Amino acid sequence: MNAPRTARERARAELTKEILATARRQLGEVGAPGLSLRSVARDLGMASSAVYRYFASRDELLTALLIESYNEVGEAAERADRPKAVPENRWTGVWNGVRDWALANRHEYALLFGTPVPGYAAPHLTTEIAARMPLTLARIVADAKRGPGLRPYTGPQCDPAAIEPAMLALLEEGAFTVEETARLILAWNRLVGIIGYELHGHLKNVTADDAAYFDYAARAEGANLGLAFD
């Protein structure tokens, strides 16, 4: 995205950031369903009509928050990847990078992967941005497949009809089979799920060390995909 050039553009960009930052704070106070442009305007000391010039509706504000958060978790995953490292270390590094971001941005994580907001449907434009994090995982497996190779898989097979054809097209660059695609989806969902369990306290009295169990889950899912975890 090009940087704002005029004073007016810079001022608009700065106020947009302030609106989004205020909305993110309110996510922690009232949750996404309770978010409103009026309350954001009140916290900023602005007339609500002024905020509507930046975001035409609550849904438009939610979409902006989703895009911002999807980009952040995607950047966290990409930043944690070390392409020159062995695939196994890259895999666990990305898992931990996503977890670190989630622990530091709990309410944003809940917005992305928690209970859907009643009456809100994210537009299609969020799909590509949402794919940044799982595609980082897919690239690691693709590189391992082209390099040292993947260990044979002997577990249950997935019915090809269970996989959305668009997913197969999305992962075509890695030359993944339907079965490999299914296990990538499984790994991504388990990554998202176990972090959600931790953030919501569902691992209390279940795991004695959340970080250690998370590391085990990362290695188990990587091994399920054929990475060489011993």
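Summary table below
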| item | result |
| --- | --- |
| Most fluctuating residue given options A11, A41, A212, as computed from a GNM of the chain linking Cα atoms under 10 Å | A11 |
| Probe 1.4 Å, protein heavy atoms only - accessible area per residue of segment 1-79 in square angstrom | 58 |
| Convex hull volume per residue for segment 37-104, taking Cα atoms only, in Å³ | 96 |
| Most mobile listed residue (A166, A56, A76) in the chain, GNM with C-alpha springs under 10 Å | A166 |
| Rh (Kirkwood; distinct C-alpha pairs) - segment 177-230, Å | 11.9 |
| FRET efficiency, E128 to S57 (Cβ-Cβ, R0 22 Å, nearest 0.05) | 0.50 |
| For the chain, built as a Gaussian network whose Cα springs stay under 10 Å, the top-fluctuating residue of A85, A23, A144 | A85 |
| Inter-site label distance for T177 and D209 at 7 Å from Cα along Cβ, in nm | 3.6 |
| Helical segments meeting 15 Å axial Cα length and Kyte-Doolittle 1.6 threshold in the chain (DSSP H) | none |
| For segment 9-59, Kirkwood radius (reciprocal of mean inverse C-alpha pair distance, Å) | 10.9 |
| Trypsin sites (Lys or Arg not before Pro), loop per DSSP, at most 16 other Cβ atoms within 10 Å - longest free stretch of the chain | 85-203 |
| Protein-only accessible surface order, largest first, of D43, D59 at 1.4 Å | D43, D59 |
| Inter-site label distance for H200 and D159 at 7 Å from Cα along Cβ, in nm | 2.7 |
| Listed residue (A208, W91, G34) projecting farthest to the positive dipole end of the chain, Cβ model | G34 |
| For segment 1-114: rounded, prolate or oblate by the Cα gyration tensor [a/c cutoff 1.5] | oblate |
| Per principal axis, descending, Cα span of segment 82-129 in whole Å | 44, 24, 12 |
| Selected from V178, Y120, T154, residue furthest toward positive end of dipole (segment 54-208; charges at beta carbon) | T154 |
| Debye intensity ratio I(q)/I(0), log10, the chain, q values 0.07, 0.10, 0.11, 0.13 Å⁻¹ (C-alpha model) | -0.28, -0.55, -0.66, -0.86 |
| Ellipticity estimate at 222 nm from DSSP helix runs (n ≥ 4, -39,500 (n - 2.57)) divided over the chain, nearest 500 | -20500 deg cm²/dmol |
| Extension gain from K84 to L168, taking 0.36 nm per residue of separation minus the Cα-Cα distance | 27.6 nm |
| E9 - accessible surface, heavy atoms, 1.4 Å probe, Å² rounded to 10 | 80 |
| Cα point-scatterer Debye curve for segment 70-176, base-10 log of I(q)/I(0) at q = 0.11, 0.15 Å⁻¹ | -0.44, -0.80 |
| Binned Cα-Cα distances of segment 110-150, short to long, each 5 Å bin given as a whole percent | 6, 17, 18, 18, 12, 10, 9, 7, 3, 1 |
| Carbon + sulfur, % of accessible area of segment 55-199 - ligands and nucleic acids excluded, 1.4 Å | 56 |
| Cα-Cα P(r), segment 132-174, percent of pairs per 10 Å interval | 23, 46, 31, 0 |
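The values are calculated or read from the model by the stated rules, or taken from the named source; none is laboratory data. Computed from a predicted model, the values in this text were never measured in an experiment. Glycine gets a Cβ as well: all are built from the backbone with ideal geometry, and neighbour counts include every protein chain shown. Note: areas computed on protein heavy atoms with side chains; ligands, DNA, RNA excluded. Shrake-Rupley method; radii C 1.70, N 1.55, O 1.52, S 1.80 Å.
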